[in-house]
Every structure is written in structure tokens, then in C-alpha cells.
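Trainee: Can you read through this structure? Questions will come right after.
Since every read-out is calculated from the coordinates, none of them should be taken as a lab result. These figures come from a predicted structure and were not determined experimentally. As a convention, Cβ positions derive from the backbone with ideal geometry for all residues, glycine included, and neighbour counts pool all protein chains shown.
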Amino acid sequence: MPVNARPRRSVLYMPGSNPRALEKGRSLAADALILDLEDAVAPDAKEGARNNIATALTEGGYGTREILVRVNALDAPWGRDDLVGVASCGADGILLPKVESADAVRKAISILDAAGGPTDLAIWCMIETPLGVLHAEEIATASPRMAGFVMGTSDLAKELHCLHTPQRLPFMTSLNHVILVARAYGLAALDGVYLDLSDDVGFVESCQQGLELGFDGKTLIHPKTIAAANETFGPTVREIESSREIIAAFEQAQAEGKGVVVLDGKLVENLHVENARRILALAQMIEKLSTETGESAAA
């Protein structure tokens, strides 16, 4: 598994301008939270939101959930102040919007470091423009602190002049390219949000598609979608059992000096064992996280 591997089945955006939402985030079953200073916050509420987030993270209470703070872009009036204000607030990572180059990542890191932020503070990048997609590899290798990509499909649709369709065919080139880059460089990859909160069936189908494409999880805009995202992106009981069986059969064959491992009539190779270990490690982390929220650890 990548060095930064952890459960990211459900990643909920929460507006930094809403203290009640920041408080509620402490009790939600989301694997991660994105405390937002950008799109979800009105211009006249930016400074207050920054202070709200810093206060909330200083107070703590979020358990082992991963906490990211999405700042405004550096070319926006609030971008530099956001980076300075949240550099040492205790977040696990900083999410940069509309990243289109490695230089943008390095500039943000320079500001964070100058503000006294931890030298290992993770950097995440929103990929939500054509240039961002085309330069994904350059962005992925901008710094060893790069941790993951978040798809911004709403902005990407606007930039591409394409439509949101049930099968998301207009996005496939972009989604696949970002996944390829993320996996090539050991980064996490989160799917974009689903906008129609009244369409439960469509949301689940979107999660399933994201899982099939290879995303680690789904970014969300409402707490009511957390359970479905967790169920879709988490390993099932059968997957966990199968993974244990694969590892046991492989280890037994090795102990007996056998060069070929067959389980249920299927050849078991190293790649299957590695994937089985990844699934079990993920399941163990989910189980640990679920003890904080009361969530069932496996579907």
C-alpha cells in the first residue's frame, strides 16, 4: 500500500464559515473531512471561516479522521492569508484548488514553511481544469509531500463545456488519466461530488463507477451520503474472507516448498497476495475508525 494509505471511502466537504457544521463533523462516520475556505464560503466570510477552522482544530475531537483544509487559490485575494493562517492549525493536509502546475505546489509549500507549518504537512491538489488534467504527472512529482488528487468535476464540466451525464462519459478521459498518474506515483485519488441530493440511486451508481475506475473514495456535500459511500468503497465481508484465504494458501504453499498455488481452482500469484494484504490492511484501519463512530466495519 502507498505510504499515505488510510480509509478515504467518504470525504465530506464542510464550510468553515459554519461553526455548527465543524462541531457536527466530530461525530460523523466520514473517513475524512475537508474543512473548506473556498467555494463553500462567501467572500465576506473568508476571514471568519479561517478563524473558525483554526479554533476547531485546536480544540480537536476529530479522532483519527483525516482532516484536510481547502484554501483559496494563491491568485485569489485570500489565498496567501489562508496558507499562513492554517499552516500550523493541526490539519493532516492542505488541499489546493485548481492546481495546474508543479510551480503552484512549490509556491504553496514555500508559504506554509515560512509560516512555520510542519515540514511533513501533506499537500493535496484539486484537479478541475483541462490544464490540471494534462499536467497531472508534473503536479504529482512536484514534491515528496504530495499525498493525493481530488477531482473537481463540477468546475471541470464548466471548463470542458461538457454535460453531467449518468455514465459520465464526457469525464472518462480525465478521470482515467488522473487515476493512472495517481497510481504511478503512489498517491490517493478521490472522485468528484454528486450534485443531486434527491437521487439516492444515482449517487450509489456514481460511487460504484468510481470504485470500478479505481478511486479510493468519494467527495461528498451532505452527511446523508456518508453511509452509502462507506458501503460502496469499503471491502465487503466476502472480500475480507477471500483475502485471508489467499494469504493463508500462499503461505502454506511456501512452507511446503510448492511453486504453484491454486485456490478454488484459480492460480494465486504474488499480485493476488499483495492485493489481499492491501484489502486486509484497509479493513483493519476501517475497523479502528469505526469504533469511534459506531459504524459497521464491513458491508
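Trainee: How big is D, in µm² s⁻¹, for segment 155-299 by Stokes-Einstein at 10 °C and 1.306 mPa s if Rh is the Kirkwood radius over C-alpha pairs? Each step should come with its number before you reach the end.
Mentor: On the way: Rh = 17.5 Å.
Roughly 91 µm²/s, to the nearest whole number.
Trainee: With Cβ to Cβ distances under 14 Å as the rule, what net charge do the other residues near ALA188 carry (K, R +1; D, E -1)?
Mentor: Details: positive: ARG6, ARG8, ARG9, ARG145, ARG183, LYS218, ARG278; negative: ASP31, GLU66, ASP92, ASP191, ASP216.
Neighbourhood net charge equals +2.
Trainee: So which residue, out of ALA21, ALA122, ALA248, gets the largest mean-square fluctuation from a GNM of the chain using Cα contacts under 10 Å as springs?
Mentor: Largest GNM mean-square fluctuation: ALA248.
Trainee: Send over the Kirkwood Rh of segment 237-293, from the inverse of the averaged 1/r over different Cα pairs, rounded to one decimal Å. Please list the in-between numbers first.
Mentor: Numbers: mean 1/r = 0.0823 Å⁻¹.
Kirkwood hydrodynamic radius for segment 237-293: 12.1 Å.
Trainee: Oh, and also: If you project the alpha carbons of segment 112-183 onto the principal axes, what extent comes out on each, in Å, largest first?
Mentor: 44, 23, 19
Trainee: Follow-up question, since we're still on this one. Please report the relative contact order for the chain, taking Cα pairs under 8 Å with a sequence separation of at least 6, and give it as a percent rounded to a whole number.
Mentor: 17 percent
Trainee: Residue-wise, which Karplus ³J(HN,Hα) couplings in Hz belong to segment 110-115, taking 6.51 cos²θ - 1.76 cosθ + 1.60, θ = phi - 60°, and x for glycine or proline?
Mentor: Running phi through 6.51 cos²θ - 1.76 cosθ + 1.60 with θ = phi - 60° gives 4, 5, 4, 5, 5, 7 Hz.
Trainee: Quick one: net charge of GLY132's neighbours, Cβ under 11 Å, K/R +1, D/E -1? List each step's numbers first, then the result.
Mentor: Working: positive: LYS98; negative: GLU100, GLU128, GLU138, ASP155, GLU159.
Around GLY132, the charge tally is -4.
Trainee: If you take the alpha carbon radius of gyration of segment 49-208 and divide it by 2.2 N^0.38 Å, what ratio comes out, to two decimals?
Mentor: On the way: Rg = 16.2 Å, N = 160, 2.2 N^0.38 = 15.1 Å.
The value comes to 1.07.
Trainee: With the cut-off at 23 Å, report for the chain the share of all Cα pairs above it, as a whole percent. It would help to have the intermediate numbers written out before the result.
Mentor: Details: 25399 of 44551 pairs.
Distances greater than 23 Å cover 57 percent of the Cα pairs.
Trainee: Between ALA228, HIS161, ALA122, whose Cα lies farthest towards the positive end of the dipole of segment 121-230 when Lys and Arg beta carbons carry +1 and Asp and Glu beta carbons carry -1, centred on the Cα centre?
Mentor: The residue sitting most towards the positive pole is ALA122.
Trainee: Nothing charged except the Cβ atoms of Lys and Arg (+1) and of Asp and Glu (-1): what's the magnitude of the dipole of the chain about its Cα centre? Round to the nearest 20 debye. Write down the numbers at each step before the final one.
Mentor: Numbers: 27 positive and 41 negative charges, 59 e Å.
Result for the chain is approximately 280 debye, rounded to the nearest 20.
Trainee: Of the listed pairs LYS98/LYS158; LYS24/LYS46; LYS46/LYS224; LYS98/LYS218; LYS46/LYS288, which have alpha-carbon separations greater than 24 Å here?
Mentor: Details: LYS98/LYS158 13 Å; LYS24/LYS46 20 Å; LYS46/LYS224 26 Å; LYS98/LYS218 18 Å; LYS46/LYS288 35 Å.
Pairs exceeding the cut-off: LYS46/LYS224; LYS46/LYS288.
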